[in-house]
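What follows is calculated from the coordinates using simple rules that are stated; it is not laboratory data. All values derive from a computational prediction rather than experimental measurement. So basically every Cβ, Gly included, is an ideal-geometry build from the backbone, and we count neighbours across all protein chains shown.
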Amino acid sequence: MKSTVEQLSPTRVKINVEVPFDELKPNFDRAYRKLAQQVRIPGFRPGKAPARILESRLGRGVVLDEVVNEAIPAKYSEAVTAEEVRPLGRPDIEVTEIKDGEQLAFTAEVDIRPEFDLPDASGFAVTVDDVEVSDDEVAEQLDALRGRFGTLTGVERPAAKDDFVVVDLSATVDGKEVEEAATSGLSYQIGSGGLIEGIDEALTGLSADESTTFTTTLVAGEHANSEAAVTAKVTAVKERELPEADDEFAQLASEFDTLDELRADLRDRLGKAKRMQQAAQARDKVLEALLDATEVPLPGSVLEAELEVRTHDAIHAFDHDEARFAEWLTEQGQTREEFDAEAKKDAERSVKTQLVLDAVADAEEVGVSDMELTQQIVSQAQRFGIAPEEFLQRTQQAGQLGAVYADVRRGKALASVVRQATVTDEAGTEVDLSEFLGDDGSADAEVIDAEVIDAEAGDQVEGTEAGDQVEAGEASDDAGDQVEQESAPAKA
């Protein structure tokens, strides 16, 4: 086989492949066996008809089509390896010549990982918030803990903020009842904001057996994003009585013997949470500095795919009803043109982020262990509320295990860049992030979470490497036939 590569642009190449027919003998053998199983020829058992009989019955063209369709994916992959091309996504395959008995020739145009220079991360300097834990914050945490051990007592007065009410709800849209929006005996804390917009204001001031009707926008179900008239009837009002904050409560609610010890532990926990927020802030700012300092040509097909995913996800929430989506945009004070421009900007940033972090990972030879991949799978499973085994199975079935691997690798690459940068707080003190970004290449999962690098939507830039498997659609003389390049395999 002979192959050459033409550079069409910084992000796209054309691979020319010529395959002598003598290299296709194994493909012909498999084609004859396959066709023999598919056709019935009198005088021969299934699968036993010889090649010359098959060609006489079916025609040489049918055999050649079978051979070409099977050979192209393997020969494409072989050319990618030989020419050290790093393809992204789906190539456009065109069969340019089938000279029976002599050679098969085809071309493959495909986007590739662009070459670009990375800046020196040690020159990055970012400022993050100070870590301060106030007495009021500790008191707030203590009150929240007391609330978990509080008791609800019925009161005969109008409901106020933080009260619990038992409420019956019903809703109508254009005068018609919305069955899925009706409920009774619902316990709700006023001010928690966990129900529907306008409910807190509507319930405030109502006593038991009083009702009110207010207008809101439904967020789920058949009438999602529709304006509805919601009737709320309060059947009971309850206030929460908190236990006394003393040593007895500390012993009840924690492993500590005194309230002072409990307060000290709450202060420590708040401090760690704020330091994690500080590390996340450093991560975001360093990533922004890295992207601003790096010029990256973006592969067109990858960018289009990312934009398509984002647009699809936005309209999917409206059951792909363009009119409803346009109406919602109007309610948000945004035109479709503005939405498209913002989606394009976000897609460009997402693809650039992935390409830059992949380049960092390559430069620093970042690897991902089985344990790290497993931890990511467990973390994602928890986020979706399913068992890790089920998440892994779904990921494998969708062919996205390589994308999970790439996300972990990018997260570790970003952590490496943050470690090299200078991070100071507002007081000018250098911040030690080793608690979350270890010197051994490890990093806290919450700090390097894949979602923060905007790689979750579509994940168009997957870690393709030479030797990855490809699968082909039917090859023909028509331009535009495609071969799909899968992402890098990874073990769980």
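When averaged across all projection directions, what area in nm² does the alpha-carbon convex hull of the stretch 312-353 cover?
Orientation-averaged projected area of the Cα hull: 3.0 nm².
Between Glu97 and Asp22, what FRET efficiency comes out of the Förster formula 1/(1 + (r/R0)^6) with R0 = 22 Å and r the beta carbon distance, rounded to 0.05? Walk me through the numbers before you get to the answer.
Working: r = 16 Å, r/R0 = 0.73.
Once rounded, the FRET efficiency stands at 0.85.
Please give, to one decimal in nm, the separation of the simple spin-label points placed at Thr422 and Gln400, each 7 Å out from Cα toward the Cβ.
Output for this residue pair reads 4.1 nm.
Can you name the helices of the chain, as whole DSSP H runs, whose Cα span along the helix axis is 27 Å or more and whose Kyte-Doolittle mean is not below -0.5?
60-82, 401-420
At 222 nm, what value in deg cm²/dmol follows for the chain if DSSP H runs of at least 4 each add -39500 (n - 2.57) and the sum is divided by all its residues, to the nearest 500?
-14000 deg cm²/dmol
Applying 1/(1 + (r/R0)^6) with R0 = 45 Å to the Cβ-Cβ distance of Met1 and His312, what FRET efficiency is obtained, to the nearest 0.05?
Working from the Cβ atoms, E equals 0.70.
Provide the net charge surrounding Asp130, with neighbours chosen by a C-beta distance below 10 Å and charges set as Lys +1, Arg +1, Asp -1, Glu -1. It would help to have the intermediate numbers written out before the result.
Working: positive: Lys274; negative: Asp129, Glu132, Asp425, Glu426.
Its environment carries a net charge of -3.
Quick check for me: using +1 on Lys/Arg Cβ and -1 on Asp/Glu Cβ, what's the dipole size of the stretch 2-112 about its Cα centre, in debye to the nearest 20? Don't skip to the end; give the middle numbers.
Working: 17 positive and 19 negative charges, 173 e Å.
My answer is approximately 840 debye.
Principal axis extents for the stretch 151-241, Cα atoms only, whole Å, descending order, please.
39, 22, 18
Hey, any idea what the orientation-averaged projected area of the convex hull of the chain's Cα atoms comes to, in nm²?
Over all viewing directions, the chain projects a mean Cα-hull area of 33.8 nm².
Using just the alpha carbons, could you tell me how many Å³ per residue the convex hull of the stretch 141-295 encloses?
So the per-residue hull volume is 171 Å³.
Let me spell out the model: positive unit charges on the Cβ of Lys and Arg, negative unit charges on the Cβ of Asp and Glu, origin at the Cα centre of the chain. What dipole size does that give, in debye rounded to 20?
2640
Points 7 angstrom from Cα along the Cβ direction at Glu365 and Ala105: gap in nanometres?
Each label point is offset 7 Å from its Cα along the Cβ direction, giving 4.2 nm.
What FRET efficiency, computed as 1/(1 + (r/R0)^6) with R0 = 30 Å and r the Cβ-Cβ distance, is obtained for Ala341 and Glu295, rounded to the nearest 0.05?
0.90
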